[in-house]
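The values are calculated or read from the model by the stated rules, or taken from the named source; none is laboratory data. Computed from a prediction, not measured in an experiment: that's the story for all the values here. Glycine gets a Cβ as well: all are built from the backbone with ideal geometry, and neighbour counts include every protein chain shown.
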Amino acid sequence: DVKVTQSSRYLVKRTGEKVFLECVQDMDHENMFWYRQDPGLGLRLIYFSYDVKMKEKGDIPEGYSVSREKKERFSLILESASTNQTSMYLCASRPGQASYEQYFGPGTRLTVT
Amino acid sequence: GEDVEQSLFLSVREGDSSVINCTYTDSSSTYLYWYKQEPGAGLQLLTYIFSNMDMKQDQRLTVLLNKKDKHLSLRIADTQTGDSAIYFCAEYTYSSASKIIFGSGTRLSIRP
């Protein structure tokens with residue numbers, strides 16, 4: 001069974017804080033993704049990575065950065081959290097670019113006050 | 001560009017069939033998906049269909065694909081309270097750098 005885990009289910013941070021969201025997958029998947037989910041907007045892709053040390057901007061990368069030092073771990077970083085980054089953050093992984101099945105973590109609900 | 005659209009809400013009576021609809025714009029889509037998100041959880045792949053198929057059935061779920069109209073639907077027979085969730089339509093296409101594009105999600109609520 002594929003498992004994608006995220007470091008926290010709920011997180012509360014203050015405006016201006018640096019925030020790290022961690023995602024780990026245990027199936028040796030090459031591709032990993034970070035999305036944010038907001039009501040009525042569905043899932044929007046923030047960043048993705050096709051391999052270790054590789055990263056690509058998604059549709060809404062502003063205010064975020066990522067790190068992929070090891071294949072199993074993909075971190076999302078909010079350099080200076082703002083209230084408009086309050087959202088549900090979902091991590092996903094996929095075996096490879098040609099693979100159609102994508103697996104999601106349980107999500108981290110981040111509140112920035 | 002690619003876009004996936006679906007209505008935001010659907011309410012059905014327990015025991016009835018639910019039909020959730022979705023339209024997409026990219027004619028080069030290779031796979032189309034339905035994901036289910038239960039409250040407080042991540043997305044779970046419910047079913048998918050290859051673009052060269054018209055229909056796929058899996059127990060209570062029926063997926064219909066109309067490529068000409070770029071329309072995808074999910075029918076849930078004998079809807080139960082456990083089917084309450086948000087259902088996301090999504091497409092996978094090589095033209096979008098192999099990204100999966102998601103719709104906004106349809107929240108299905110069940111009336112007793």
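Only one of A:12, A:52 is in a strand (DSSP E or B) and either more than 11 Å from the chain's Cα centre (by Cα) or farther than 23 Å from residue B:91 by Cβ (or both); which?
Details: A:52 fails: in a strand (DSSP E or B).
Sole residue among the options that is in a strand (DSSP E or B) and either more than 11 Å from the chain's Cα centre (by Cα) or farther than 23 Å from residue B:91 by Cβ (or both): A:12.
What is the residue count in region B:19-50 for residues that are at pLDDT below 90 and among the β-branched types (Val, Ile, Thr)?
Number satisfying all stated conditions: 2.
Being hydroxyl-bearing (Ser, Thr, Tyr), away from every other protein chain (no Cβ under 14 Å) and out of contact with any Lys or Arg (no Cβ under 8 Å at 6 or more places or on another chain) is the filter; apply it to region A:78-113 and report the residue that is farthest from residue A:55 (Cα to Cα).
Among those residues, the one meeting the criterion is A:83.
Is it the case that region B:51-70 has a residue that's in contact with a helix residue (DSSP H, G or I) (Cβ under 7 Å, 6 or more places away or on another chain), closer than 29 Å to residue A:91 by Cβ, modelled with pLDDT of 95 or more and away from chain A (no Cβ under 14 Å)? Explain how you work it out, then say what you get.
From region B:51-70, those in contact with a helix residue (DSSP H, G or I) (Cβ under 7 Å, 6 or more places away or on another chain) are none; that's our starting set.
No - not one qualifying residue is present in region B:51-70.
Of the residues that make up region B:33-46, is at least one surrounded by fewer than 16 Cβ atoms within 10 Å (Cβ to Cβ), part of a strand (DSSP E or B) and in contact with a Leu (Cβ under 7 Å, 6 or more places away or on another chain)?
The answer is no, given that none of the residues of region B:33-46 is surrounded by fewer than 16 Cβ atoms within 10 Å (Cβ to Cβ), part of a strand (DSSP E or B) and in contact with a Leu (Cβ under 7 Å, 6 or more places away or on another chain).
May I ask you to list the residues in region B:1-32 that are of a type in the set (Val, Ile, Thr), touching a Leu at 6+ places or on another chain (Cβ under 8 Å) and more than 21 Å from residue B:60 (Cβ to Cβ)? Working first, answer last.
Let us first name the residues in region B:1-32 that are of a type in the set (Val, Ile, Thr), namely B:4, B:12, B:19-20, B:23, B:25, B:30.
Narrowing further to those that are touching a Leu at 6+ places or on another chain (Cβ under 8 Å): B:12, B:19-20, B:23.
Residue satisfying the conditions is B:23 alone.
Acidic (Asp, Glu) and touching a Lys or Arg at 6+ places or on another chain (Cβ under 6 Å): is that true of residue A:38 in this structure?
Values: acidic (Asp, Glu): yes; touching a Lys or Arg at 6+ places or on another chain (Cβ under 6 Å): no.
Considered against the rule, which asks whether it is acidic (Asp, Glu) and touching a Lys or Arg at 6+ places or on another chain (Cβ under 6 Å), residue A:38 comes out as no.
Please indicate, with yes or no, whether at least one residue in region B:13-20 is buried (at least 16 other Cβ atoms within 10 Å of the Cβ), away from chain A (no Cβ under 11 Å) and not β-branched (Val, Ile, Thr). Show your work before the answer.
Of region B:13-20, the ones buried (at least 16 other Cβ atoms within 10 Å of the Cβ) are B:18, B:20.
Then drop every residue that is not away from chain A (no Cβ under 11 Å), which leaves B:18, B:20.
This time we only want the ones that are not β-branched (Val, Ile, Thr), so: B:18.
Within region B:13-20, one or more residues are buried (at least 16 other Cβ atoms within 10 Å of the Cβ), away from chain A (no Cβ under 11 Å) and not β-branched (Val, Ile, Thr).
Confirm whether residue A:75 is without any contact (Cβ under 8 Å) to a residue 24 or more places away in the chain and either polar (S, T, N, Q) or at the interface with another protein chain (Cβ under 10 Å from one of its Cβ atoms) (or both). Can you show your working first?
Details: without any contact (Cβ under 8 Å) to a residue 24 or more places away in the chain: no; either polar (S, T, N, Q) or at the interface with another protein chain (Cβ under 10 Å from one of its Cβ atoms) (or both): yes.
Criteria not met by residue A:75.
Please go through (1) in contact (Cβ under 8 Å) with a residue 24 or more places away in the chain; (2) on the phi > 0 side of the Ramachandran plot for residue A:50 and return the number of the only condition it doesn't satisfy.
(2)
Hey, could you check region A:63-113 for residues that are among the basic types (Lys, Arg) and either within 12 Å of the chain's Cα centre (by Cα) or part of a loop (DSSP other than H, G, I, E, B) (or both) and say which is surrounded by the most Cβ atoms within 10 Å (Cβ to Cβ)? Break it down stepwise before answering.
Of region A:63-113, the ones among the basic types (Lys, Arg) are A:68, A:70-71, A:73, A:94, A:109.
Narrowing the set further to residues that are either within 12 Å of the chain's Cα centre (by Cα) or part of a loop (DSSP other than H, G, I, E, B) (or both) leaves A:68, A:71, A:73, A:109.
On the way: A:68: 20, A:71: 16, A:73: 15, A:109: 16.
The residue in question is A:68.
Any idea which of A:21, A:43 is touching a residue at least 24 places away in the same chain (Cβ under 8 Å), within 30 Å of residue B:49 (Cα to Cα), within 14 Å of chain B (Cβ to nearest Cβ) and of a type outside the set (Phe, Trp, Tyr)?
Details: A:21 fails: within 30 Å of residue B:49 (Cα to Cα).
Among A:21, A:43, only A:43 is touching a residue at least 24 places away in the same chain (Cβ under 8 Å), within 30 Å of residue B:49 (Cα to Cα), within 14 Å of chain B (Cβ to nearest Cβ) and of a type outside the set (Phe, Trp, Tyr).
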